[in-house]
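Worksheet for the structure shown next.
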Amino acid sequence: MLDCPMVRAQGYRQFCPVALAAELLAERWTLLVVRELLCGSTRFGELQKGLPRISPALLDERLKKLQFAGIVERHQDDGRPSYVLTTAGRELFPVIEAMGLWSQAWLRHDMAADRNLDPDLLMWDIRRTAAKDAPRMAGRHVVAFALSGVPARKRSYWLVFDSGAVDLCYRDPGEDADLRVAAPLRLLTRLWLGHVSLDEALRAGLHLDGPRAAVAAFPRWFVLSPFARADRAAIPVPAEE
């Protein structure tokens, strides 16, 4: 049985199941921590990459509350802590999924607003979906990303595909890139979210530079957001500067 007195002390004082769930889960960042755990992050550092704007202290606090509530368990693996969802935590998957699909259908106009754009989070998500769902590529491949519309220190990223693993590098790995991807941050974000098609993105400012085979492989490993399948009304695609 889940119980979290530290939350209930400031609760809604209603017997409604929705109210009780909101007392525990609707606190700032809490559902996003659960989202990251559902996406496969287990280490503190991995959670930070998926939540780049949360402070380490606040992340630690949220994890402790989730542990206290019986939603997360903390383990020690080779002397390093890891965090795993309990059965109660895993059963939140349809809740998180439904929220994401609903947002894609009804709030998509606000997703790529300036205040919500984050190159570190976007590239982490691109790496995550590529690692999880893209077909394995033989050999080692390096893809260089050049983002515009961001500070200089956030413009360059590299994805390294090697033996089924996909790593995200924030510094040049020192290898020639098999493919170079250049795009405004907003446009690449909208492409990953499924708000625009690849053809629309190419017309609006996405550039793919490399051998024909590497360019042709892009849509196979560039796996979209799991929420991209939500129905959407046609939205005009403005040209990116």
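Bear in mind these aren't lab numbers, they're just calculated from the coordinates by the rules spelled out. Model, not experiment: these values are computed from the prediction. Here the Cβ positions follow ideal geometry from the backbone for every residue, glycine too, while neighbour counts run over all protein chains shown.
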FRET efficiency for residue 88 and residue 42 from the Cβ-Cβ distance with R0 = 22 Å, rounded to 0.05, comes out at 0.80
Using each residue's phi in segment 46-56, evaluate 6.51 cos²θ - 1.76 cosθ + 1.60 at θ = phi - 60° and report the 3J(HN,Hα) Karplus result to the nearest Hz, with x for Gly and Pro.
5, 4, 5, 5, x, 10, x, 9, 8, 6, x
Sort the following peptides by mean Cβ neighbour count (other Cβ atoms within 10 Å, averaged over residues), highest first: 141-153, 93-105.
141-153, 93-105
Restricting to DSSP H runs of at least four residues, report the calculated mean residue ellipticity at 222 nm for the chain, -39500 (n - 2.57) per run over all residues, nearest 500 deg cm²/dmol.
-12000 deg cm²/dmol
Lysine pairs in the chain with alpha-carbon atoms under 25 Å apart, 8 or more places apart or on different chains: how many are there?
5
Tell me, Kirkwood radius of the chain from alpha-carbon pair distances, in Å?
19.7 Å
Sorted by packing (mean other beta-carbon atoms within 10 Å per residue), highest first, where do 56-63, 169-176, 191-198 land?
191-198, 56-63, 169-176
Sort 207-213, 73-79, 39-45 for me by packing, meaning the mean count of neighbouring Cβ atoms within 10 Å per residue, highest on top.
39-45, 207-213, 73-79
Whole-number value, in Å³ per residue, for the convex hull of the alpha carbons of segment 36-178 is 162 Å³
Can you sort 29, 158 from fewest to most other Cβ atoms within 10 Å of each residue's own Cβ?
29, 158
Please give the helix 119-133 orientation as an angle from the longest Cα principal axis of the chain, in degrees from 0 to 90, rounded to the nearest 10.
90 degrees
DSSP beta bridges in segment 122-241, what fraction antiparallel, as a percent rounded to 5?
70 percent
Residues with beta-carbon under 13 Å from that of residue 92, excluding residue 92: net charge, scoring Lys, Arg +1 and Asp, Glu -1?
-1
Just want the answer: with Cβ charges of +1 for Lys and Arg and -1 for Asp and Glu, which residue in 31, 211, 101 is farthest toward the dipole's positive end in the chain?
31
